[in-house]
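Asker: Provided herewith is a single structure, encoded as structure tokens, for subsequent inquiry.
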Amino acid sequence: MIVGVIGGGQLARMMIPAAVELGIELHVLAEAEGMSAGLAAVAVGDYRDRDAVLAFADTVDVVTFDHEHVPQEILRELVSRGVAVHPGPDALQYAQDKLLMREKLASLGLPVPDWARASSADELADFLDDHGGRAVVKTARGGYDGKGVRVVRAAHEADDWFTALAEDGNGGDLLVEELVDFSRELAQLVARRPSGEVVAWPLVETVQKEGVCAEVIAPAPHSAGRIADLAADIAFAVAEGVGVTGVLAVELFQTTDGRLLVNELAMRPHNSGHWSIDGSTTSQFEQHLRAVLDLPLGATGCHDDWSVMVNILGGPTSGSLEDRYPAALAAHPLVKVHNYGKSPRPGRKIGHVTAGGTELDDVSYEARAAAALLVE
Ligand code: ADP
């Protein structure tokens, strides 16, 4: 069985050990030489290049993804040629386009922030008038790690984006949303296989800094019972409603008045699930492989009372991450270090660490201290 992964980033990289354990061959179509998943790269090519993607797909049994950006036309051509694509284009479109995603979630009756499609500064001004003069504007496509997300207080603050969309020639609108007054952000990870089986990991809390995930706590503190049940119900409804196959991450806001609202969907392994490599019976990477191959899914229980994952953002001020190993590994023998083999750059995710244990304060301390030593 050969699983083909389009995209050579760290998500593809972290599928490699899971594939090795299960004896599954993993082939990666990487964007360039020397990428994070270069260990498994069998081809280098652009995921927007139809011929490159088709040639790659010919060599594998199932196609899946490291990211959501492969154009719909190419995905649909693969499907029409009989290639197994998981998640398929019908599901993936909702992770590719935030306006489609909002429309779909609304049609499924799921809770989302107040939102509108804005095609002009006037329409944005109307939304601002109705929402206390503040809103979050998002580009529908191509955003990640907070790029393409902007809080605005005046309609002209999105003029550059309207201009760019107009120049693009495809038309296109912006998504405008209420600025949600949330007490915290949560993520519910599930996996679904083509024949329908769905499993959920425990709900987690995610902490973002400047639009980038910095830390994840599993399970989310104070979430047993109603909140956890609600989050799982929402994620199951999304998974069924969009027909996703593979791992689905549903990013949620918990509002100050105790509601859950869906912010974002990701249809691939997700930063909020990295803790599962060390903290769960089945990691999200193994589960993704099982799911896209339509194999029975693994158990999603936790090894520890608490797992905390801290991202390594940017990297050391000088030298490499590995230069910091002697100090960091000696000081934190219980912490697991994951290095994505990427060169450090300000703000770039180049790795993560995970700690597990029985006292949340101790576990958080261990993970944060280890991550800090690695970038010192
Ligand atoms: P990306 O696709 O870049 O991850 P998101 O839509 O997840 O973008 O937004 C990034 C972050 O911006 C969120 O994690 C959250 O902290 C903040 N954010 C997004 N939408 C809203 C909103 N409607 N209200 C308040 N904060 C928001």
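Asker: Looking only at the range 35-51, how many residues end up being open to solvent by less than 70 Å² (accessible area, probe 1.4 Å) and either part of a strand (DSSP E or B) or modelled with pLDDT of 95 or more (or both)?
Answerer: Adding up the residues that qualify gives 9.
Asker: Count, please, the residues in the range 52-98 that happen to be within 22 Å of Ala37 (Cα to Cα) and part of a loop (DSSP other than H, G, I, E, B).
Answerer: The qualifying residues number 12.
Asker: May I pose another question? Does Thr256 satisfy the criteria of being of a type in the set (Ser, Thr, Tyr) and touching a Lys or Arg at 6+ places or on another chain (Cβ under 7 Å)?
Answerer: Considered against the rule, which asks whether it is of a type in the set (Ser, Thr, Tyr) and touching a Lys or Arg at 6+ places or on another chain (Cβ under 7 Å), Thr256 comes out as no.
Asker: When the range 174-204 is examined, which residues are found to be among the acidic types (Asp, Glu) and either in a strand (DSSP E or B) or more than 16 Å from Phe253 (Cα to Cα) (or both)?
Answerer: Glu177, Glu185, Glu197
Asker: Which residues, counting only those in the range 128-148, are within 12 Å of the ligand (Cβ to nearest atom) and among the hydrophobic types (A, V, I, L, M, F, W, C)?
Answerer: Ala135, Val136, Val137, Ala140, listed by residue number.
Asker: Please count how many residues of the range 113-154 are closer than 24 Å to Asp168 by Cα, open to solvent by 20 Å² or more (accessible area, probe 1.4 Å) and either charged (D, E, K, R) or part of a strand (DSSP E or B) (or both).
Answerer: Going through the range 113-154 one residue at a time, the tally reaches 13.
Asker: Among the candidates Leu105, Leu110, single out the residue that is within 16 Å of the ligand (Cβ to nearest atom), modelled with pLDDT of 95 or more and in a loop (DSSP other than H, G, I, E, B).
Answerer: Testing whether each residue is within 16 Å of the ligand (Cβ to nearest atom), modelled with pLDDT of 95 or more and in a loop (DSSP other than H, G, I, E, B) leaves just Leu110.
Asker: Still on this structure, please answer the following. If you scan the range 15-31, which residues turn out to be over 21 Å from Ser276 (Cβ atoms), surrounded by fewer than 24 Cβ atoms within 10 Å (Cβ to Cβ) and under 20 Å from the mean Cα position of the chain (by Cα)?
Answerer: Glu31
Asker: Restricting attention to the range 166-192, and to residues there that are closer than 22 Å to Glu264 by Cα and open to solvent by 40 Å² or more (accessible area, probe 1.4 Å), which single residue is farthest from the ligand (Cβ to nearest atom)?
Answerer: Of everything passing the filter in the range 166-192, Gly172 is farthest from the ligand (Cβ to nearest atom).
Asker: Using the structure shown, decide if Ala12 is among the small types (Gly, Ala, Ser), at pLDDT 95 or above, under 21 Å from Ala249 (Cα atoms) and surrounded by 15 or more Cβ atoms within 10 Å (Cβ to Cβ).
Answerer: Judged against the criteria, Ala12 is a match.
One line per residue, one yes/no per condition, for (1) aliphatic (A, V, I, L, M); (2) in contact (Cβ under 8 Å) with a residue 60 or more places away in the chain; (3) open to solvent by 10 Å² or more (accessible area, probe 1.4 Å); (4) on the phi > 0 side of the Ramachandran plot:
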{"site": "Trp275", "(1), (2), (3), (4)": "no, yes, no, no"}
{"site": "Gln284", "(1), (2), (3), (4)": "no, yes, no, no"}
{"site": "Leu293", "(1), (2), (3), (4)": "yes, yes, yes, no"}
{"site": "Thr300", "(1), (2), (3), (4)": "no, yes, yes, no"}
{"site": "Ala327", "(1), (2), (3), (4)": "yes, no, yes, no"}
{"site": "Tyr340", "(1), (2), (3), (4)": "no, yes, no, no"}
{"site": "Val353", "(1), (2), (3), (4)": "yes, no, no, no"}
{"site": "Leu360", "(1), (2), (3), (4)": "yes, yes, yes, no"}
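Asker: Name the helices (runs of 4 or more DSSP H) wholly inside the range 260-347 in which the number of residues that are under 15 Å from the mean Cα position of the chain (by Cα) is 3 or more.
Answerer: Counting at least 3 such residues, we get 284-292.
Asker: Quick check, is Val207 near the ligand (Cβ under 10 Å from one of its atoms) and either free of Cβ contacts under 8 Å to residues at least 12 places away in the same chain or in a strand (DSSP E or B) (or both)?
Answerer: The answer is yes for Val207.
The values are calculated or read from the model by the stated rules, or taken from the named source; none is laboratory data. Remember, it's a predicted structure, so these values are computed and weren't measured experimentally. Methodologically, a virtual Cβ is constructed for each residue, glycine included, from the backbone with ideal geometry; neighbour enumeration extends over all protein chains shown. Quick note on the areas: whole protein, heavy atoms, side chains included, nothing else; ligands and nucleic acids left out. Shrake-Rupley method; radii C 1.70, N 1.55, O 1.52, S 1.80 Å.
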